[in-house]
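In what follows, a structure is listed as structure tokens, so that the remarks can point back to it.
The values are calculated or read from the model by the stated rules, or taken from the named source; none is laboratory data. In this text the structure is predicted, and so the values were computed from the model without any measurement. Methodologically, a virtual Cβ is constructed for each residue, glycine included, from the backbone with ideal geometry; neighbour enumeration extends over all protein chains shown.
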Amino acid sequence: MTKATIHRANTLVSEYKETQFLTILFQKNHKSIIQNLYNANELDERVKVYNLFNDLDPSKNSKEDHRIKGDPNKEEEGFIVFKANNAFRYFKDGLYVKYKKFDSNGRLAYIDYMNEARHRLRREEYNEDGYLVRERQMDLFSNKPKLDRYFGKDGKCYLTTWLKPKDEEIFRCNLFYPEPLEFKNLEDLAAYWIANRTKEIESPIIMSDNPKNFSLLLDKRLSDVRKVVVLHTNHYDLNEKGEFELSQQYNALFKNPDKFDQIVF
């Protein structure tokens, strides 16, 4: 699907005034991922890519970065360190205090902090430049995130998301700038963001390839935008009786086919 959408964008950018990718999943190294696509000539540099989490940062255009810089040192004074591949565990007075993970390039990826009972309290995630971009507060019972804080280039938290530890589904988003706004889930926040992004485009057309995002296009804030959905795979599932039935992830499409301008199979 990724290759298909990139190929399409590279074609459309020569036919239309502007072609953009709007992505809604968090990628802490988003900048380098996109730059690598440009450098490898896989993605035409005229195609602009915007990510929800980066674009909502009110200080994204700042020349200076005031976020916390992670400590890239693998040995730290006052700690006894145990090494395992690109990971390091830090002990103090017999207590497991924190865990550092480095990527294959030797860059600090994240730091986990533990309490006295060895439960993970939080995780700090760092981008390709070594700056703190997300902090995850952990549920003590499931060891999965229950609240995420996102930091802008000014060092301030501009967004928090609340998650269900069981499946990490986002069920509330709080955006703090330029005015405090609350959203019921990530899809609600994404519809708000896309609506604002498309306001500046003359006769916008949105193409969605992931069925998980089809319902997002039905948001009333996008009522004036032309919508095209593309199906890349079989839209049937086998049920318990061994019979084929429509996959539930396509409900938004097959229950509302008249609300889409084009459907591509």
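Here are some notes:
- Reported count of residues in segment 158-182, each being over 16 Å from the mean Cα position of the chain (by Cα) and under 25 Å from residue 62 (Cβ atoms), is 6.
- Considering residues of segment 207-242 that are hydroxyl-bearing (Ser, Thr, Tyr) and exposed (fewer than 13 other Cβ atoms within 10 Å of the Cβ) only, the residue nearest to residue 195 (Cα to Cα): 223
- Matching entry among 189, 217 (being part of a helix (DSSP H, G or I), in contact with a strand residue (DSSP E or B) (Cβ under 7 Å, 6 or more places away or on another chain) and touching a residue at least 60 places away in the same chain (Cβ under 8 Å)): 189
- Flag for residue 121 being assigned to a strand (DSSP E or B), in contact (Cβ under 8 Å) with a residue 40 or more places away in the chain, outside the structural domain of residue 10 (by TED's automatic domain parsing) and under 23 Å from the mean Cα position of the chain (by Cα): no
Conditions tested, residue by residue: (1) in contact (Cβ under 8 Å) with a residue 60 or more places away in the chain; (2) surrounded by fewer than 12 Cβ atoms within 10 Å (Cβ to Cβ).
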site: 6; (1), (2): no, no
site: 19; (1), (2): no, no
site: 25; (1), (2): no, yes
site: 31; (1), (2): yes, no
site: 38; (1), (2): no, no
site: 41; (1), (2): no, yes
site: 50; (1), (2): yes, no
site: 62; (1), (2): yes, no
site: 71; (1), (2): no, no
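- Screening residue 113 on (1) touching a Leu at 6+ places or on another chain (Cβ under 7 Å); (2) in a loop (DSSP other than H, G, I, E, B); (3) not hydrophobic (A, V, I, L, M, F, W, C) shows it passes everything except condition (2).
- From the options 172, 149, residue that is surrounded by 15 or more Cβ atoms within 10 Å (Cβ to Cβ), without any contact (Cβ under 8 Å) to a residue 24 or more places away in the chain, farther than 24 Å from residue 6 by Cβ and out of contact with any Asp or Glu (no Cβ under 6 Å at 6 or more places or on another chain): 172
- Selection of segment 1-56 for residues being among the small types (Gly, Ala, Ser) and not in a loop (DSSP other than H, G, I, E, B) yields 4, 9, 32.
- Filter pass, residue 98 being part of a strand (DSSP E or B) and either closer than 20 Å to residue 135 by Cα or in the same structural domain as residue 169 (by TED's automatic domain parsing) (or both): yes
- Checked against (1) of a type in the set (Lys, Arg); (2) over 18 Å from the mean Cα position of the chain (by Cα); (3) within 26 Å of residue 185 (Cβ to Cβ), residue 28 passes all but condition (2).
- Residue among 140, 159, 181 that is exposed (fewer than 15 other Cβ atoms within 10 Å of the Cβ) and in contact with a helix residue (DSSP H, G or I) (Cβ under 8 Å, 6 or more places away or on another chain): 181
- For segment 73-94, filtered to residues that are assigned by TED's automatic domain parsing to the domain that holds residue 135 and of a type in the set (S, T, N, Q), the residue that is surrounded by the most Cβ atoms within 10 Å (Cβ to Cβ) is 86.
- Considering residues of segment 244-265 that are assigned to a helix (DSSP H, G or I) and in contact with a Lys or Arg (Cβ under 8 Å, 6 or more places away or on another chain) only, the residue farthest from residue 187 (Cα to Cα): 259
- Of all residues in segment 223-243, none satisfies being out of contact with any helix residue (DSSP H, G or I) (no Cβ under 6 Å at 6 or more places or on another chain), assigned to a helix (DSSP H, G or I) and either closer than 28 Å to residue 172 by Cα or in the same structural domain as residue 20 (by TED's automatic domain parsing) (or both).
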